[in-house]
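The values are calculated or read from the model by the stated rules, or taken from the named source; none is laboratory data. Predicted, not measured: the structure shown is a model, and the values here were computed from it. Glycine gets a Cβ as well: all are built from the backbone with ideal geometry, and neighbour counts include every protein chain shown. When the accessible area is computed, the model is the full protein with side chains, heavy atoms only, and any ligands, DNA or RNA have been set aside. Shrake-Rupley method; radii C 1.70, N 1.55, O 1.52, S 1.80 Å.
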Amino acid sequence: SGIVAYVLLMGSTLWGLFISAQFVKDWSPGVVSLTLHSTISWLSLVLGLIHALLLLFDEYFAYTLGDLFVPFTGPYRPEAVGLGTLAFWIIIVVTLSFPFKKRLGHTVWKKLHYASYAAFGLVSLHGLFAGTEGTNIGLRLLIGAGVLFVVLLLGMRMGKTQVQPAAKARGTHTLSQSK
């Protein structure tokens with residue numbers, strides 16, 4: 001459940017970058033794109049919760065609900081597990097913001113969503129250092145590819161944001177503005 005939750009979080013993060021960079025605007029209507037993004041986020045959150053709750057049935061370590069929901073307090077690798085717990089709380093806040101986008105306003109909602117990059121990084125570290133699968137080459141490749149794609153798309157997104165204001169200041173149009 002943890003790996004599937006990670007893949008869903010990666011998908012949500014990448015899809016959010018596709019939306020914000022307007023890579024999908026010509027073939028995916030905004031409402032559909034945002035609904036897909038929100039749904040994937042909710043699924044990631046639910047599977048992350050299931051992943052945590054399954055630790056209550058662990059035969060090697062005795063977890064309590066407090067251990068699961070208070071970062072850095074559990075009996076096994078508290079630092080690495082705590083990164084996942086902290087990320088879980090960030091993901092809750094970001095995911096809960098979807099239905100409140102209009103109330104929050106786009107600017108606040110967008111700034112709140114920046115925290116999702118931190119959550120993705122924390123979950124990536126959690127996956128590498130907290131679980132027994134962290135040394136598995138397949139998991140390392142999955143996490144490495146996820147981080148690489150997120151960083152590349154985020155870099156492209158940030159570059160696009162910086163190019164457009166500069167073009168507007170000069171009074172010229174970028175390719176995306178002329179469409």
At 7 Å along Cα-to-Cβ for each site, give me the label-to-label distance between E133 and V46 in nm. 1.9 nm
Between Y76 and K110, take the C-beta separation as r, use R0 = 45 Å, and let me know the FRET efficiency to the nearest 0.05. 0.80
Residue-wise, which Karplus ³J(HN,Hα) couplings in Hz belong to segment 19-36, taking 6.51 cos²θ - 1.76 cosθ + 1.60, θ = phi - 60°, and x for glycine or proline? 5, 5, 7, 6, 6, 10, 5, 7, 10, 10, x, x, 5, 5, 4, 5, 5, 4
Can you compute the FRET efficiency between L96 and V32 using 1/(1 + (r/R0)^6), with r the Cβ-Cβ distance and R0 = 30 Å? Round to the nearest 0.05. 0.90
Around L34, what is the net charge, scoring Lys/Arg as +1 and Asp/Glu as -1 over all other residues with Cβ under 15 Å from its Cβ? +4
Please give the per residue accessible area of segment 9-140, computed with a probe of 1.4 Å over protein heavy atoms only, in Å². 57 Å²
For segment 75-114, what is the convex hull (Cα atoms) projected area averaged across all directions, in square nanometres? 3.0 nm²
Two-decimal Rg/Rh of segment 39-114 from alpha-carbon positions, Kirkwood Rh? 1.08
Between segment 102-161 and segment 33-90, the Cα center-to-center distance that results, in Å: 16 Å
Take the alpha-carbon positions of the chain, form their convex hull, and give its projected area averaged over all directions (one quarter of the hull surface) in nm². 11.6 nm²
Ignoring ligands, DNA and RNA, what percent of the 1.4 Å accessible area of the chain is carbon and sulfur? 72 percent
Compactness of segment 1-54, expressed as Rg and Dmax over alpha-carbon positions, Å: 12.3, 42
Give me the count of lysine pairs in the chain whose alpha carbons sit under 22 angstrom apart, restricted to pairs 8 or more positions apart or on different chains. 17
